[in-house]
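The values are calculated or read from the model by the stated rules, or taken from the named source; none is laboratory data. None of the values given here were measured: they were computed from a predicted structure. Cβ placement follows ideal geometry from the backbone for every residue including glycine, while neighbour counts extend to all protein chains displayed. Accessible surface is based on the protein model in full, side chains and every heavy atom, while ligands, DNA and RNA are left aside. Shrake-Rupley method; radii C 1.70, N 1.55, O 1.52, S 1.80 Å.
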Amino acid sequence: MDSDRNVDDIAASFGALSNPLRVRILLALTETRRADWDHEGMSYSDLRAAVAAEDGGRFNYHLDELRGQFVRGKDGHYWLTSAGSRVVDEIYAGTFSGSPGGISGPVGRSCPEDGKPLEATFEDGVLSVSCPEHGTVFDMWLRFGAGADRDLEELFAWANRRGLWYLESVSWDVCPHCAGQFGEATFRPAGGDDSTDTAGSVIVDMTCDSCAISFGIPAHQYALTRPPTIAFLHDHGIDYRSLAVEYGAAEWAHETTRTDSGVLVCFTVDGERLELELGQSLETQSYRRDSARA
Ligand SMILES: [Zn+2]
Ligand SMILES: [Zn+2]
């Protein structure tokens, strides 16, 4: 995985961040990301004043250490590079600032299998939702310090929205973590290879070629993000964006079967049925909608 990366260069870049004044310079340059930014960056004197650097030589030295990788400058003005901007994002997210402590509690949803109330825990930037019987049924990486100003309901809603966004991203063959590409999708029955549960779920396994993150997501969840499904659910008063992706909803049913070229996903709401065929790369191949009772 790291054979095509120069770890010495990366270590040197991290080294360039290891000074409080340099971190203050990056934070001061956050201002250059504002919408009213005149695209000229921040002037040398404004930047130096913003970090209260009295010693000009020392300030110049540390600014130089950031230039190239994290800060760019031209005509006496400075702004963050993409890498500098990513570092600032993580600083604001609290990623490097220690644990704000975990929170946990009920999320007002029940397990689709056994109806037991689900509990959520937010810790170390990850929201995990679990059933007392089935263990963890869903987890989603959010932001490290997100629990400081959001309650569990908000975090849960956010995690589900992000889940839909992950589905979109993965099905466009873009890794949501590193923008890498995925290898070929493989399909398996949710209950294992010997499962005879034909009305169950088919899991789609995808692994990022670049960062090795793996996703094992039920095929019907990919089908949720497709225009025919969005329209179908909308016609039945369901906003797909408000769905909790892992659990579905009591008012609609789904089943997935394996086909030669991918999977066939069927949704049923109020007696109306939508069939959606997804191919080997999860592309929508065809769909059919009818009101005959399933
Ligand atoms: Zn359960
Ligand atoms: Zn990746």
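Measuring nothing but how far apart in sequence close Cα pairs (under 8 Å, 6+ apart) lie, relative to its length, the chain scores a relative contact order of 9 percent. If you take all other residues with their beta carbon under 12 Å from the beta carbon of LYS116, and give Lys and Arg +1 and Asp and Glu -1, the sum is -3. Ordering PHE138, PHE122, SER97 by Cα displacement along the dipole of the stretch 47-155 toward the positive end leaves SER97 in first place; charges were set at the Cβ atoms of Lys, Arg (+1) and Asp, Glu (-1). When the chymotrypsin sites (Phe, Trp or Tyr not before Pro) in the stretch 49-115 are filtered for DSSP coil states and for at most 13 other beta-carbon atoms within 10 Å of their beta-carbon, the remaining sites are PHE96. Only the Cβ atoms of Lys and Arg (+1) and of Asp and Glu (-1) were treated as charged; on that basis the dipole of the chain about its Cα centre amounts to roughly 660 debye. Panel values: the stretch 173-290, Kirkwood radius from alpha carbon pairs, Stokes-Einstein at 20 °C and 1.002 mPa s, translational diffusion coefficient 144 µm²/s.
Computed from point charges on the beta carbon alone (+1 for Lys and Arg, -1 for Asp and Glu), the dipole magnitude for the stretch 138-179 about its Cα centre is near 80 Debye.
The residues of the chain expose, per residue, 55 Å² of accessible area to a 1.4 Å probe.
For the chain, taking Cα atoms only, Rg and Dmax work out to 24.1, 79 Å respectively. Rg and Dmax of the stretch 1-138, both derived from C-alpha coordinates alone, stand at 21.6, 67 Å.
Rounded to the nearest 20 debye, the dipole magnitude of the stretch 1-120 is 180 debye, with +1 charges on Lys and Arg beta carbons, -1 on Asp and Glu beta carbons, and the Cα centre as origin.
Contact order, relative form, for the stretch 47-106: 16 percent (alpha carbon pairs under 8 Å, 6 or more residues apart, mean separation divided by residue count). Of the residues HIS234, VAL265, ILE213, the one whose Cα sits farthest toward the positive end of the charge dipole of the stretch 173-290, with +1 on the Cβ of Lys and Arg and -1 on the Cβ of Asp and Glu, is HIS234.
Taking every protein chain into account, the 1.4 Å probe leaves PHE122 with about 10 Å² of accessible area, to the nearest ten.
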